[in-house]
Structures are given as C-alpha cells and as structure tokens.
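Here the structure comes first, spelled out in structure tokens, and everything after it is commentary.
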Amino acid sequence: MVNGEAHELDVEPDVPLLWILRDELHLTGTKYGCGISACGACTVHVAGKAMRSCTLPVAAVAHEPITTIEGLGAGALTAVQKAWIEQQVPQCGYCQSGMIMAVSALLASNPTPSDDELSAAVTNICRCGTYPRIRAAVRALAARMGEG
C-alpha cells in the first residue's frame, strides 16, 4: 500500500523501494542522493516511521503502509510543509522532500523536540546548508504544537 493505494507489481524482491516508487509507480518526489542510506533524500514513511528507501528491499516492506512526499498531505499542505514555506527553508530543494518526511515523522512522535532530539532524529544531509532554517521551521511548529 503506497499513499493509501494498493499496487500489484511484478518486481524482484531485492530491488530497493526507491526504484519501485520512482520507476514503477512514477512517484518522483522521493529522490536518489547517495544510494547508501546516508543522505536521506530518499526518506519515506513505512508504517509511520521515517526510513531511507534507497537500500530498503521492497520485499521487506511489501505488507507495510508506505507514504511518500506525494501522499503526505493528501491534496493539502501539511503543517510541516507550511512551515517550510513560511521559513523559506529550501534553497535548491533537492533534499527537502526527504527532510520534510524525516521531520514529519519526528513531530508525529515528539511534537516539541529539543535541538538535540532534532539533530539525533533527523540526520538528513543538505548540501546547501539550510539547517538554520530547518531548525527555525521546527521550532515554530513545536511552539504552535505546544500552544495547541
């Protein structure tokens, strides 16, 4: 199940989920960055947990619900996506879908993370160095969540 939709695919079980999403399902918002699960550009949610899809065999998640950046807001911007816009987080934007997925998973389990918790949970790499704006967006969201 990807983004709430069931799919029947005839693929090799060891193919990384990233390539199934991009090449078979044409969901290209999940990016290829490094191929070794280091950069996080390929981050998706598997059963609500942020996971790197570039090395994750599709067979390992065949019966799990998967959410990509395309399915995250289901037609409307999420609070994280709105905060990204408000704080003008992206520069080139390449890593941002993975970054948004990682932050969304963190905030779902910890709505008011400290900077240390953010650093520990979101290890995605941004070559443009937008980390200060990412922190600002997360802080703004955490403040709003703390008020609500």
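Using only Cα atoms and rounding to the nearest 10 degrees, what angle (0 to 90) does helix 96-109 make with the longest principal axis of the chain?
That helix lies at roughly 70 degrees to the long axis.
Considering only DSSP beta bridges whose two residues both sit in segment 1-122, what percent are antiparallel, to the nearest 5?
Roughly 90 percent of the beta bridges in segment 1-122 run antiparallel, per DSSP.
Taking the Cβ of residue 87 as the centre, find all other residues whose Cβ is under 10 Å away and add up their charges (Lys, Arg: +1; Asp, Glu: -1). Numbers along the way, then the final one.
On the way: positive: 82, 133, 135, 139; negative: 86.
Combined, the nearby Lys, Arg, Asp and Glu give +3.
Relative to the present Cα-Cα distance, how much length would full extension add between residue 79 and residue 135 at 0.36 nm per residue of separation?
Separation in residues times 0.36 nm, less the Cα-Cα distance, equals 18.7 nm.
Sorted by packing (mean other beta-carbon atoms within 10 Å per residue), highest first, where do 112-118, 129-135, 14-20 land?
14-20, 129-135, 112-118
Computed from these coordinates, which is Cα Rg over 2.2 N^0.38 Å: (1) 1.33; (2) 1.02; (3) 2.96?
Matching entry in (1) 1.33; (2) 1.02; (3) 2.96: (2).
Return the whole-Å distance between the Cα centroid of segment 11-29 and the Cα centroid of segment 92-121.
23
In square angstrom, rounded to the nearest 10, how much accessible surface does residue 123 have for a 1.4 Å probe?
80
Out of 73, 90, 43, whose Cα points farthest toward the positive end of the dipole of segment 39-148 (charges: +1 Lys, Arg; -1 Asp, Glu; placed on Cβ)?
In segment 39-148, that residue is 90.
State to the nearest 20 debye the size of the charge dipole of segment 1-111 about its Cα centre, where the only charges are +1 on K and R beta carbons and -1 on D and E beta carbons.
540
Can you tell me the dipole magnitude for segment 72-148 around its Cα centre, using point charges on the Cβ only (Lys, Arg +1; Asp, Glu -1), in Debye to the nearest 20?
Details: 6 positive and 5 negative charges, 45 e Å.
Roughly 220 debye, rounded to the nearest 20.
The values are calculated or read from the model by the stated rules, or taken from the named source; none is laboratory data. Quantities reported herein were computed from a predicted structural model and do not represent experimental measurements. No Cβ is skipped: glycine too gets one built from the backbone with ideal geometry, and neighbour counts run over all protein chains shown. Remember, those area values only see protein heavy atoms, side chains included, never the ligands or the DNA or RNA. Shrake-Rupley method; radii C 1.70, N 1.55, O 1.52, S 1.80 Å.
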